[in-house]
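Data block below; observations after.
The values are calculated or read from the model by the stated rules, or taken from the named source; none is laboratory data. Everything numeric in this text was worked out from a predicted model, so none of it was measured. All Cβ positions, even for glycine, are placed from backbone atoms using ideal geometry, and neighbour counts span all protein chains on display.
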Amino acid sequence: MWRRVVSASHFTFAHKSIANNKDVCKLKFWEAFTTEIPLKEKGTFQRDKTPFITFVLGGPGSGKGTQCMKIVENFGFTHLSAGDLLRREIASNSADGTMILNTIKEGKIVPSELTIRLIQKEMESSDNYKFLIDGFPRSEENRIAFEQIMGVEPDIVLFFDCPEDEMVKRVLNRNQGRVDDNIVTIKKRLKVFDALNLPVVKYYMEKGKLYKIKAVGTVDEIYKQVYPVFASLNFEQVRE
Ligand SMILES: Nc1ncnc2c1ncn2[C@@H]1O[C@H](COP(=O)(O)OP(=O)(O)O)[C@@H](O)[C@H]1O
Ligand SMILES: Nc1ccn([C@@H]2O[C@H](COP(=O)(O)OP(=O)(O)O)[C@@H](O)[C@H]2O)c(=O)n1
Ligand SMILES: [Mg+2]
């Protein structure tokens, strides 16, 4: 299995700037930061066996899965959605299926070891080295357990920043038959997101790994912010 030292990073450039004004204190913490897409630095990423891990964060309905599909298409990443892996466990009638189903219905977080085991299995059986891990980590506990079990940190973290009313609207229109896409569960999920997921966003922002994406507008408008993040990392592009 591949392993590498925690906190190793391929990048030398800084990609955040701190707003310098008094109004900052009125904003939510991440609103005080903007993302400056770094200039392309040729040869910054060496293709080898080392995985390139992108965590994809954002509230329910913020468009993580939709944007991941586009990144896969353009840059050849393997997309691992934690939620999809958990739903697959439920569908396969695994021993943990009922517990996972009840947790998802309540909008709560499944025990970290279980979710990480599913992610780890997918990564280890993949020939790819570029991974989008979507919907994970959803809590500090998720994050710390991943680092401990896998012995790696993400290289970059995308955060889709979307207003709550827009997220609710999108989830209620999603139409994928999900047990958690109803108004009762979505309200619980938004609370869990604020309480447990935002500290993870803050952690990566402070580490300089966070790319905040303004997740309002059309899918293509949002992707216009996402595309340069990956283009600047000098990956070979699969399709324009
Ligand atoms: N920019 C957008 N504008 C309107 N609807 C969107 C947009 N992006 C995604 N959607 C739709 O919103 C729903 C939630 O998107 P999804 O990618 O599943 O979000 P997440 O994975 O963050 O929950 C889906 O039905 C999707 O088609
Ligand atoms: N790391 C994770 C990811 C998802 N989940 C569970 O799976 C549900 C659906 O996750 P998802 O990523 O598919 O949801 P969306 O953000 O795509 O709407 C979450 O609300 C949690 O109940 C979890 O417990 N731990
Ligand atoms: Mg999703």
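Against the condition buried (at least 20 other Cβ atoms within 10 Å of the Cβ) and of a type in the set (S, T, N, Q), how does residue 54 come out, does it pass? So residue 54 fits the description; yes.
Just one of the numbered conditions (1) in a helix (DSSP H, G or I); (2) in contact with a strand residue (DSSP E or B) (Cβ under 7 Å, 6 or more places away or on another chain) is not true of residue 168: (2).
I'd like to verify a number: residues in the stretch 208-240 that are outside any strand (DSSP E or B), modelled with pLDDT of 95 or more and of a type outside the set (Phe, Trp, Tyr), how many? Matching residues across the stretch 208-240 total 15.
Filtering 98, 115, 103 for residues that are assigned to a helix (DSSP H, G or I), within 16 Å of ligand 1 (Cβ to nearest atom) and either surrounded by fewer than 18 Cβ atoms within 10 Å (Cβ to Cβ) or not aliphatic (A, V, I, L, M) (or both) leaves a single hit, 115. Applying the criterion of being assigned to a loop (DSSP other than H, G, I, E, B) and touching a residue at least 60 places away in the same chain (Cβ under 8 Å) to the residues of the stretch 118-138, the residue that is farthest from ligand 1 (Cβ to nearest atom) is 129. Assessment of the stretch 90-102 against the conditions (of a type in the set (Gly, Ala, Ser) and in contact with a Lys or Arg (Cβ under 6 Å, 6 or more places away or on another chain)) yields no matching residue. When 229, 219 are checked against the criterion of being surrounded by fewer than 19 Cβ atoms within 10 Å (Cβ to Cβ) and within 19 Å of the chain's Cα centre (by Cα), 219 stands alone in meeting it. If you check 138, 143, 174 for being basic (Lys, Arg), over 24 Å from residue 76 (Cβ atoms), touching a helix residue (DSSP H, G or I) at 6+ places or on another chain (Cβ under 8 Å) and within 16 Å of ligand 3 (Cβ to nearest atom), only one passes: 138.
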